[in-house]
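Undergrad: One structure follows; several queries about it will come next.
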Amino acid sequence: MNKKNIDIRVIFFFVILLLIGIIAFLIQLFNHVDCEDVRFYVLAENPGIEESIEFFDKTPNAKSWKWDFGDGSETDVRKHTFHVYKKPGKYLITLTINGECIHNKEITIKDKYITDKIGTPKIIVSKIITAGQPTYFNSESEDAKTWEWAFGENKGIDDTSANPVYTFSTPGEKTVTLIVNGNFGTVAKKIIYVHPRVIKKTNPLDITSYEFEKKAEAFSLPRGAAKKDPLEDMLQYVPVAPKTKTQKDSIISIKKAPKISEDQFEILLKKVAEGSKVKDDFSEYLCDDLEIPIVKNDTDLLTFSQLCAAIKGKKIKIESIRLNKDKQNNCIKGLNISYKVKKYLIWSKD
């Protein structure tokens with residue numbers, strides 16, 4: 001009888017140890033961070049000095065973060081943060097997650113002042129500008145073929161010639177903008193001041209020779225029957241020419257796709273894989289063409305619709321992505337993507 005009780009206690013002891021081991025394994029499993037699946041992003045369209053750049057992480061089971069921005073500044077321990085670089089150059093960003101997973105990404109910071117000198121056209125205008133008088137504009141830009149001028153008084157484009165002449169109707173501060181060759185990435189801006197028009201007195205008033213007005217009764221006419229103006233009948237037969245579509249109207253009607261960086265596009269593709277986004281959510285960036293060509297893993301050629309269908313419901317890790325955009329309307333016309341799919345805890349090319 002005593003021997004039987006000892007055997008039952010031993011069994012219970014091993015059962016409890018087994019349950020503790022299972023619980024510890026499950027806790028470790030759900031808190032484990034896959035260091036090969038670190039997901040942190042750097043959002044900046046054209047990163048330059050004195051520009052606030054966004055950093056954030058979406059790694060599953062991440063509990064702590066340590067950002068090293070590579071410029072000698074203090075580390076940041078927030079999940080979502082911002083940083084401003086003071087000098088141009090290449091910087092290595094290091095993110096440490098949960099004190100064990102270390103991931104790096106390189107970023108190139110450009111000098112925005114040098115970029116303006118090289119890529120942005122220069123607006124040339126006279127120093128003194130007066131309302132009501134013609135103002136002559138010119139520009140300095142390489143390989144310029146089209147010009148889109150806006151002089152700050154009207155909405156839209158005011159002129160499309162290389163050397164426009166514009167007359168300001170009101171005085172005050174004006175912002176003149178110029179877009180060359182349809183490139184919205186390098187828009188030239190110049191703030192000018194339009195002086196009010198000064199009316200000079202040509203003939204001083206001589207009081208002695210001034211003739212005062214006569215009384216109103218001297219100009220009154222006898223009342224008569226009202227007569228119809230003959231001009232009304234004549235205007236009924238004057239043909240009106242239809243308004244022709246000018247080059248200015250055609251330029252304004254060009255549809256522009258919204259800007260999106262490669263990191264932002266990568267986030268949307270991962271949401272397609274998770275099932276929270278569909279291919280139609282990309283229509284505005286692709287200008288409604290969901291059949292653009294896609295080069296997958298440097299070997300396969302397929303359409304964007306086929307790519308969305310291929311990654312839906314899968315756990316993917318995007319290694320690189322490059323967008324091919326149309327400079328005129330910013331539409332994405334194709335992309336190259338390299339990614340892996342996780343199958344049975346192993347990452348492999350799809």
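Undergrad: Out of everything in region 171-191 that is hydrophobic (A, V, I, L, M, F, W, C) and not in a strand (DSSP E or B), what residue ends up being farthest from LYS255 (Cα to Cα)? Let's see the steps before the verdict.
TA: Here is the first cut: in region 171-191, the ones hydrophobic (A, V, I, L, M, F, W, C) are 176, 178-180, 184, 187-188, 191.
Going one step further and asking which of them are not in a strand (DSSP E or B), we end up with 184, 187.
Values: PHE184: 13, VAL187: 18 Å.
Residue satisfying both the conditions and the ranking: VAL187.
Undergrad: Only residues that are open to solvent by 30 Å² or more (accessible area, probe 1.4 Å) and over 14 Å from TYR136 (Cα atoms): list them for region 157-176, please.
TA: SER169, THR170, PRO171, GLU173, THR175
Undergrad: Just one of (1) free of Cβ contacts under 8 Å to residues at least 60 places away in the same chain; (2) surrounded by 16 or more Cβ atoms within 10 Å (Cβ to Cβ); (3) in a strand (DSSP E or B); (4) not small (Gly, Ala, Ser) trips up ASN324, so point out which.
TA: All conditions pass for ASN324, except number (2).
Undergrad: For region 1-47, what are the residues that are over 36 Å from the mean Cα position of the chain (by Cα), modelled with pLDDT of 65 or more and among the charged types (D, E, K, R)?
TA: ASP7, ARG9
Undergrad: Out of LYS340, LYS317, LYS312, report the one residue that is under 21 Å from GLU284 (Cα atoms) and either surrounded by fewer than 19 Cβ atoms within 10 Å (Cβ to Cβ) or not small (Gly, Ala, Ser) (or both). Reasoning before the result, please.
TA: Details: LYS340 fails: under 21 Å from GLU284 (Cα atoms); LYS317 fails: under 21 Å from GLU284 (Cα atoms).
Of LYS340, LYS317, LYS312, the one residue that is under 21 Å from GLU284 (Cα atoms) and either surrounded by fewer than 19 Cβ atoms within 10 Å (Cβ to Cβ) or not small (Gly, Ala, Ser) (or both) is LYS312.
Undergrad: Using the structure shown, decide if ASN154 is on the phi > 0 side of the Ramachandran plot, modelled with pLDDT of 85 or more and either open to solvent by 50 Å² or more (accessible area, probe 1.4 Å) or within 35 Å of the chain's Cα centre (by Cα) (or both).
TA: no
Undergrad: Which condition from (1) open to solvent by 20 Å² or more (accessible area, probe 1.4 Å); (2) touching a strand residue (DSSP E or B) at 6+ places or on another chain (Cβ under 8 Å); (3) assigned to a helix (DSSP H, G or I) is the one that ALA273 breaks?
TA: (1)
Undergrad: Let me ask something else. What are the pairs with Cβ atoms under 9 angstrom where one residue, in region 105-123, is at pLDDT 55 or above and the other, located anywhere, is hydroxyl-bearing (Ser, Thr, Tyr) and open to solvent by 100 Å² or more (accessible area, probe 1.4 Å)? Sequence gap at least six, or different chains.
TA: Sorted first by the residue in region 105-123, then by its partner, the list stays empty.
Undergrad: So which of ASP298, ASP280 is open to solvent by 70 Å² or more (accessible area, probe 1.4 Å) and more than 26 Å from ILE107 (Cα to Cα)? Talk me through it step by step, then tell me what you get.
TA: Working: ASP298 fails: more than 26 Å from ILE107 (Cα to Cα).
After ruling out the rest, the residue left standing is ASP280.
Undergrad: Can you tell me which of (1) modelled with pLDDT of 90 or more; (2) surrounded by 12 or more Cβ atoms within 10 Å (Cβ to Cβ); (3) under 24 Å from the mean Cα position of the chain (by Cα) is the one THR303 doesn't meet?
TA: (3)
Undergrad: Quick check: is even one residue across region 121-141 surrounded by 12 or more Cβ atoms within 10 Å (Cβ to Cβ) and within 30 Å of GLU54 (Cα to Cα)?
TA: Yes, region 121-141 has at least one match.
Undergrad: Do you know which residues across region 64-116 are more than 19 Å from ILE49 (Cβ to Cβ), polar (S, T, N, Q) and either open to solvent by 40 Å² or more (accessible area, probe 1.4 Å) or not in a strand (DSSP E or B) (or both)?
TA: Answer for region 64-116, where residues must be more than 19 Å from ILE49 (Cβ to Cβ), polar (S, T, N, Q) and either open to solvent by 40 Å² or more (accessible area, probe 1.4 Å) or not in a strand (DSSP E or B) (or both): SER64, THR75, ASN98, ASN104.
Undergrad: Tally the residues that are in contact (Cβ under 8 Å) with a residue 60 or more places away in the chain and farther than 29 Å from ASP34 by Cα, restricting the search to region 290-317.
TA: Within region 290-317, residues that are in contact (Cβ under 8 Å) with a residue 60 or more places away in the chain and farther than 29 Å from ASP34 by Cα number 0.
Undergrad: Which residues, counting only those in region 40-63, are without any contact (Cβ under 8 Å) to a residue 60 or more places away in the chain and either in a strand (DSSP E or B) or open to solvent by less than 50 Å² (accessible area, probe 1.4 Å) (or both)?
TA: Within region 40-63, SER52, ILE53, GLU54, PHE55, PHE56, ASP57, THR59, ALA62 meet the criteria.
The values are calculated or read from the model by the stated rules, or taken from the named source; none is laboratory data. Please read these numbers as outputs of a predicted model, since none were measured by experiment. A quick note on method: Cβ atoms are made from the backbone with ideal geometry, for glycine too, and the neighbour counts reach across all protein chains shown. The area values use the complete protein model at the heavy-atom level, side chains included, leaving out ligands, DNA and RNA. Shrake-Rupley method; radii C 1.70, N 1.55, O 1.52, S 1.80 Å.
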